[in-house]
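Read through the structure below, which is laid out as structure tokens, and then see the notes.
Computed from the coordinates by the stated procedures, all read-outs in this text should not be read as laboratory data. Owing to the predicted nature of the structure, the values given are computational and were not obtained by experimental measurement. So basically every Cβ, Gly included, is an ideal-geometry build from the backbone, and we count neighbours across all protein chains shown.
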Amino acid sequence: MEINKVVGKKIRQIRIEKKMSQEELATKANTTRPHISKIEGGILSLQIDTLQRVADALGVQIKELIEQ
């Protein structure tokens, strides 16, 4: 599976577990809801700084987002 899809799926899983909307995650990660949607869909490649902001917003370490 492509890394974009792995990371996107993991972000979505953690976001849902934390009962967080895409809008809430986007606000905390200083991005937009459509951007989060594309990330979760595996459409976008994340830059490391964006990945760190999303991880921080979810309260996890980056490694949790890239583990399969």
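Worth pointing out:
- For T27, the stated conditions do not hold, so it cannot be described as under 19 Å from I3 (Cβ atoms), surrounded by 13 or more Cβ atoms within 10 Å (Cβ to Cβ), among the polar types (S, T, N, Q) and without any contact (Cβ under 8 Å) to a residue 60 or more places away in the chain.
- Restricting Q68, Q61, Q52 to residues that are touching a helix residue (DSSP H, G or I) at 6+ places or on another chain (Cβ under 9 Å), touching a residue at least 60 places away in the same chain (Cβ under 8 Å) and not hydrophobic (A, V, I, L, M, F, W, C) narrows the list to Q68.
- Tally of residues being touching a residue at least 40 places away in the same chain (Cβ under 8 Å) and among the hydrophobic types (A, V, I, L, M, F, W, C) across region 30-49: 2
- Candidates are the residues of region 10-36 that are assigned to a helix (DSSP H, G or I) and among the β-branched types (V, I, T); the one that is nearest to the chain's Cα centre (by Cα) is I11.
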